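Trainee: Here you go, one structure.
The values are calculated or read from the model by the stated rules, or taken from the named source; none is laboratory data. Computed from a predicted structure; not experimentally measured. Just the protein is used for accessible areas: all its heavy atoms, side chains included, with ligands, DNA and RNA removed. Shrake-Rupley method; radii C 1.70, N 1.55, O 1.52, S 1.80 Å.
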Amino acid sequence: PHWIMGHSPKGAVTVRRRIEGAGEFEVTLNTTDGIIRSINLGGDFFVLSDLDSQILAPLEGVPYNRSSIQKAIDNVDVSKIIHGLTSHDFINLLF
């Protein structure tokens, strides 16, 4: 899809990907006008903490670009929420 090439997705987009050492991920991302309206994460990964409040909720309302997403989760240690997943891998999962 075009959004992988750097354009914001329109409507809902679902991406499935395996990240070695972390598991299978399915991300459903809904954007409007380049803003993340909702994000859902499913798969066979191991959750260590509250995924919704610590990672997903802070991304709602954030512009859909790497720098804005990085800033929104800058103080979050993703590996303490999802076993084996780094912040870098999480952001790459969204793009």
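Trainee: I'd like the carbon and sulfur percentage of the solvent accessible area for the chain, probe radius 1.4 Å, heavy atoms only, ligands and nucleic acids excluded.
Mentor: Ligands and nucleic acids excluded, carbon and sulfur give 49 percent.
Trainee: Can you give the accessible area of E24, probe radius 1.4 Å, in Å² rounded to 10?
Mentor: 80
Trainee: Hey, what's the chain come to in accessible area per residue, 1.4 Å probe, Å²?
Mentor: Numbers: 5410 Å² over 95 residues.
Roughly 57 Å² per residue, with all protein chains present.
Trainee: What do you reckon, how do F25, F45 stack up by accessible area (1.4 Å probe), largest on top?
Mentor: On the way: F25 5, F45 30 Å².
Correct descending sequence by accessible area is F45, F25.
Trainee: For the chain, count all C-alpha to C-alpha pairs, find those more than 23 Å apart, and express that count as a whole percent of the total.
Mentor: Working: 723 of 4465 pairs.
I get 16 percent for the Cα pairs in the chain exceeding 23 Å.
Trainee: I've got another one for you. How high is the relative contact order of the chain, in percent, counting Cα pairs under 8 Å that sit 6 or more residues apart?
Mentor: Working: 160 pairs, mean separation 23.5, N = 95.
Relative contact order, the chain: 25 percent.
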